[in-house]
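Working notes, beginning with the structure itself.
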Amino acid sequence: MDGHIFIVQTVLNCLVLGGLFFLIAIGLNIIYGISRVINIAHGSLYALGAYFGYTLVATGLNFMFALILAPLMVAIVGIVIERVILLPTRDRPMVYTLILTYGLMVFMDGLLKYIWGDQILFIHPPDFLSESLTIAGVPYPFYRFFILMATVASMASLYMLIEKTKVGIIMRAASTIPEMVYSLGIDMKLVHVGVFAFGCALAGLGGIIAGPLFTVYPMMGGEMLISCFVVLVVGGLGSIKGVTLAALLIGTVQTLGFVFITDYAMVIVYVMMALILLFMPKGILGEGKFE
Amino acid sequence: MRILELDNIHAYYGDSHVIQGLSLYVDKGEAVSIIGRNGVGKTTTLRSIMGLTPPAQGTIKINGEDSTKWTTNKVVTKGHVAYIPAERHIFPGVTVEENLRIAERKSKKNDQWNLDLIYNKFPILAERRKQDGATLSGGEQQMLAIGRGLMSNPSIMILDEPSQGLAPLIVETVVDTIKQLCKDQTLTLILVEQNYHVAMDLASRHYLMEIKGKIACDMSSQECQEDLDKLIKHLGV
């Protein structure tokens with residue numbers, strides 16, 4: 001294979017996978033940072049986004065509309081989850097939400113199989129996204145490039161939200177001294193449900209985006225959840241910058257791993273995670289807030 | 001007119017019964033202090049008013065309305081109460097200006113606080129507006145905490161140990177600022193202090209609190225001056 005083509009394509013592939021990890025892991029991270037909830041069912045919500053996307057596109061809806069609608073539908077499911085199982089356990093130790101969201105994951109994965117079946121499903125992106133384009137003189141699938149653009153756009157809007165808006169200030173403040181945030185008259189119940197729904201929407205977006213790339217199947221949620229936990233551990237739970245970097249790092253290591261030593265790719269990822277846990281327990285930037 | 005009334009409050013921290021039957025009142029426009037030793041339940045009293053440690057028994061009324069079951073944000077938004085804890089709780093990693101903006105509240109009234117007015121009142125905050133709140137000195141943090149409390153346009157301001165951890169000269173500045181605020185605005189002040197000079201300086205009426213939130217007596221500043229022995233006995237100084 002031509003070296004130049006290989007390098008450009010591999011770099012882009014690393015970024016695509018890293019961007020996807022970012023979309024899913026950042027939601028999990030923000031929910032932990034503000035509500036101190038580790039949502040084990042986060043991967044299942046990602047899968048739900050993919051399945052919603054499949055059904056919407058299969059019923060004839062334009063893929064671009066589905067890209068907006070599916071995350072909104074997942075967000076609504078998220079609001080129900082927050083109200084029904086997280087709100088009543090808000091003042092209890094974290095182990096309650098760990099067990100409850102674990103149960104939810106098992107339930108949701110079962111439900112996905114019950115509704116959509118065991119078989120692998122395909123989401124067909126619109127024709128113009130199925131072609132390829134030329135980047136730095138190298139042909140590259142347009143859809144993958146589109147994923148890259150979508151994640152960069154989400155990343156930029158997320159940073160704008162967190163740095164520039166009042167909602168973002170509240171989110172940053174609440175991740176440090178939550179009690180003072182409600183002592184200033186902020187309705188924290190609204191913040192908790194808003195943040196959870198937002199994280200779910202990002203997972204749903206990741207799901208429908210990943211659908212055409214990896215196909216849609218019942219186990220996809222569990223696989224993504226594990227990758228996201230690796231990203232969170234490496235980036236430092238609660239650190240937005242750390243997790244952004246870690247998502248790109250893990251995306252890169254995993255992509256290169258599959259290119260060079262296919263069978264042991266995940267081994268490299270886990271060894272890396274173990275080393276970081278051992279020597280940098282607060283993540284690559286030392287900003288982790290795990291309690 | 002009573003702006004705040006506590007009637008036979010009982011409050012717990014876990015299993016420990018910290019406040020056992022506390023009653024007190026504050027009139028509109030008054031400045032009242034709660035004086036007492038460490039651990040008698042002064043801060044818990046304030047937390048009960050704020051809904052942060054809701055009382056297990058008894059009633060709290062703000063502006064005549066029963067607020068016992070109100071959430072903290074309702075106490076702030078509906079009761080117009082601002083709470084400035086002893087730790088000040090300036091958000092780290094958040095700039096001075098952002099610390100103020102969190103508490104910003106849009107209302108139709110003209111006499112409301114906004115960023116410009118706060119910066120006018122506290123020029124040092126304007127100077128440090130882009131700085132991380134955590135990098136401010138103790139006195140500056142206290143100014144920021146007060147400014148942030150004002151941003152929600154309170155009619156009652158609750159201050160927990162505003163002098164704690166500050167150098168005497170800084171305490172003077174803080175006290176002057178609070179005094180001026182009470183004069184300019186129609187603020188009602190509720191103050192918890194161990195430094196009785198500060199309490200005498202700021203408040204006109206004083207509750208002496210004994211262990212488990214029992215109120216020993218309710219004295220005016222003048223009575224306190226005349227009966228310093230009693231005051232000193234309660235403070236253990």
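The values are calculated or read from the model by the stated rules, or taken from the named source; none is laboratory data. Not measured: the values here are computed from a predicted model. With ideal geometry, Cβ positions are generated from the backbone for all residues, glycine too; neighbour counts draw on all protein chains shown. In case anyone asks, the SASA skips ligands and DNA or RNA and just uses the protein heavy atoms, side chains included. Shrake-Rupley method; radii C 1.70, N 1.55, O 1.52, S 1.80 Å.
What to note about this one:
- Residues within the stretch A:152-197 that are small (G, A, S), within 10 Å of chain B (Cβ to nearest Cβ), part of a helix (DSSP H, G or I) and in contact (Cβ under 8 Å) with a residue 60 or more places away in the chain, tallied: 1
- The residue pairs whose first member lies in the stretch B:26-50 and is open to solvent by 20 Å² or more (accessible area, probe 1.4 Å), whose second member is in a loop (DSSP other than H, G, I, E, B) and among the aliphatic types (A, V, I, L, M), and whose beta carbons are closer than 7 Å, counting only pairs six or more residues apart or on different chains, are B:D27/B:M1; B:K28/B:M1; B:T43/B:A86.
- So B:N8, is it without any contact (Cβ under 8 Å) to a residue 12 or more places away in the chain and not hydrophobic (A, V, I, L, M, F, W, C): no
- Among the conditions (1) touching a residue at least 40 places away in the same chain (Cβ under 8 Å); (2) farther than 23 Å from A:I7 by Cα; (3) not basic (K, R), the only one that A:A274 does not satisfy is (1).
- Qualifying residue in the stretch A:242-259 (condition: at pLDDT below 90 and surrounded by 23 or more Cβ atoms within 10 Å (Cβ to Cβ)): no
- Hits in the stretch B:86-96 - residues which are crowded, with 18+ Cβ neighbours inside 10 Å and either closer than 12 Å to B:G51 by Cβ or within 7 Å of another protein chain (Cβ to nearest Cβ) (or both): B:H89, B:F91, B:V94
- Consider the stretch B:210-237 and keep the residues that are part of a strand (DSSP E or B) and open to solvent by less than 90 Å² (accessible area, probe 1.4 Å). The one that is farthest from B:Q57 (Cα to Cα) is B:S220.
- Considering the stretch A:49-133, the qualifying helices (runs of 4 or more DSSP H), each wholly inside and each with 1 or more residues that are open to solvent by 30 Å² or more (accessible area, probe 1.4 Å) and at pLDDT 95 or above, run over A:63-81, A:94-116.
- Matching option when the condition is at the interface with chain A (Cβ under 9 Å from one of its Cβ atoms) and either open to solvent by less than 30 Å² (accessible area, probe 1.4 Å) or not aliphatic (A, V, I, L, M) (or both), among B:K106, B:K74: B:K74
- Within the stretch B:55-71, being free of Cβ contacts under 8 Å to residues at least 24 places away in the same chain, part of a loop (DSSP other than H, G, I, E, B) and open to solvent by 50 Å² or more (accessible area, probe 1.4 Å) holds for B:K69, B:T71.
- The stretch A:16-42 - residue that is open to solvent by 10 Å² or more (accessible area, probe 1.4 Å) and in a loop (DSSP other than H, G, I, E, B) and, of those, nearest to A:G168 (Cα to Cα): A:R36
- Scanning the stretch B:200-209 for residues that are of a type in the set (D, E, K, R) and either within 20 Å of B:M1 (Cα to Cα) or not in a helix (DSSP H, G or I) (or both) returns a single hit, B:R205.
- Residue satisfying all of: in the stretch B:109-140; open to solvent by less than 30 Å² (accessible area, probe 1.4 Å) and in a loop (DSSP other than H, G, I, E, B); nearest to the other protein chains (Cβ to nearest Cβ) among these: B:W113
- Among (1) within 12 Å of another protein chain (Cβ to nearest Cβ); (2) more than 20 Å from A:V181 (Cα to Cα), the one test that B:I49 misses: (2)
- Total residues in the stretch B:174-199, condition open to solvent by 70 Å² or more (accessible area, probe 1.4 Å) and part of a helix (DSSP H, G or I): 6
- Of the listed requirements (1) assigned to a helix (DSSP H, G or I); (2) out of contact with any Phe, Trp or Tyr (no Cβ under 9 Å at 6 or more places or on another chain); (3) away from every other protein chain (no Cβ under 14 Å); (4) open to solvent by 40 Å² or more (accessible area, probe 1.4 Å), A:P139 misses just one: (1).
- Some residue of the stretch A:211-223 being acidic (D, E), out of contact with any helix residue (DSSP H, G or I) (no Cβ under 7 Å at 6 or more places or on another chain), more than 14 Å from chain B (Cβ to nearest Cβ) and open to solvent by 30 Å² or more (accessible area, probe 1.4 Å): yes
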